[in-house]
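Handing you a structure now.
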């Protein structure tokens, strides 16, 4: 079974600074997707960024980027120029390549606080 | 565009009571999912339905039943609620084909308390 590990329960960053959230996963698949979801206090689940395992290039979405190390099974999220609105819980998630029975497996999440 | 709609948003039950959480999506998605979220545990899959007419157990199915009523609707039933089922429940859906097919669309969640 696939597992996703987020070993840091909490992190804090100064506004305008950069922070990196760590995630590791375990799978025997060669094709899969990795995701970072953001959950603000509103409880809404927001997709921040996704990475396709067959792509060597790291995904980037504005201030959010990932460091995808396939051999090490590591998938970290870097938030640049942190803003107060980035304060939230962040979940790393894994999905085998799309198929009828594929499903997302989530890590336990990390709470990010942003200091003004 | 409503997306994924869950009802109710909040519910308080007494131990032993039953209830059904409703979920509907208007995106013509094939697959639907029920997750529960507990502090320090992330989101754990309860049940999922890969397509209309099929359902399968996820990681934590005990104490729950599901019904895929049609392509749009996927309900979660607690037959005899227990305090351990106090949680936030999320319904989600996704398509299986085309660009973006790996992306999950989430409902807004149901906060359930069992006393």
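The values are calculated or read from the model by the stated rules, or taken from the named source; none is laboratory data. In this text, all values refer to a predicted model and were calculated from it rather than measured experimentally. Cβ sites come from the backbone with ideal geometry, for glycine too, and all protein chains shown count toward neighbours.
If we keep just the residues of the range A:74-115 that are in a loop (DSSP other than H, G, I, E, B) and either at pLDDT 95 or above or under 13 Å from the mean Cα position of the chain (by Cα) (or both), which is farthest from the other protein chains (Cβ to nearest Cβ)?
Checked the range A:74-115; the qualifying residue farthest from the other protein chains (Cβ to nearest Cβ) is A:81.
Sticking with this one: Residue under question is residue B:77, and the condition is that it be surrounded by fewer than 17 Cβ atoms within 10 Å (Cβ to Cβ), closer than 19 Å to residue B:110 by Cβ and in contact with a strand residue (DSSP E or B) (Cβ under 8 Å, 6 or more places away or on another chain); does it hold?
The answer is yes for residue B:77.
Could you check the range B:39-50 and list, in sequence order, the residues that are surrounded by fewer than 20 Cβ atoms within 10 Å (Cβ to Cβ), in contact with a strand residue (DSSP E or B) (Cβ under 7 Å, 6 or more places away or on another chain) and modelled with pLDDT under 95?
B:50
So, in the range A:10-23, of the ones that are out of contact with any strand residue (DSSP E or B) (no Cβ under 6 Å at 6 or more places or on another chain) and farther than 17 Å from residue A:66 by Cβ, which residue ends up nearest to the other protein chains (Cβ to nearest Cβ)?
Checking each candidate, the answer is A:17.
Would it be correct to say that residue A:1 is at pLDDT below 95, within 14 Å of another protein chain (Cβ to nearest Cβ) and not in a strand (DSSP E or B)?
yes
Can you name the condition, by its number, that residue A:61 falls short on among (1) out of contact with any helix residue (DSSP H, G or I) (no Cβ under 8 Å at 6 or more places or on another chain); (2) at pLDDT 95 or above?
Tallying (1) out of contact with any helix residue (DSSP H, G or I) (no Cβ under 8 Å at 6 or more places or on another chain); (2) at pLDDT 95 or above, residue A:61 fails exactly one: (2).
Which of the following residues is buried (at least 19 other Cβ atoms within 10 Å of the Cβ), touching a strand residue (DSSP E or B) at 6+ places or on another chain (Cβ under 7 Å) and in contact (Cβ under 8 Å) with a residue 24 or more places away in the chain: A:97, A:90?
After ruling out the rest, the residue left standing is A:90.
For the range B:64-86, name all the residues that are more than 24 Å from residue A:2 (Cβ to Cβ) and in contact with a helix residue (DSSP H, G or I) (Cβ under 9 Å, 6 or more places away or on another chain).
Passing the criteria: only B:78.
Still on this structure: Is it true that residue B:53 is touching a residue at least 12 places away in the same chain (Cβ under 8 Å) and farther than 22 Å from residue A:35 by Cβ?
Spelling it out, residue B:53 is indeed touching a residue at least 12 places away in the same chain (Cβ under 8 Å) and farther than 22 Å from residue A:35 by Cβ.
Residue A:29 fails exactly one of the following numbered conditions: (1) within 14 Å of chain B (Cβ to nearest Cβ); (2) in a strand (DSSP E or B); (3) touching a residue at least 24 places away in the same chain (Cβ under 8 Å); (4) under 27 Å from residue B:30 (Cβ atoms). What is the number of that condition?
(2)
Determine if the range B:30-42 includes at least one residue that is over 28 Å from residue A:111 (Cβ atoms), away from chain A (no Cβ under 14 Å) and under 14 Å from the mean Cα position of the chain (by Cα).
no
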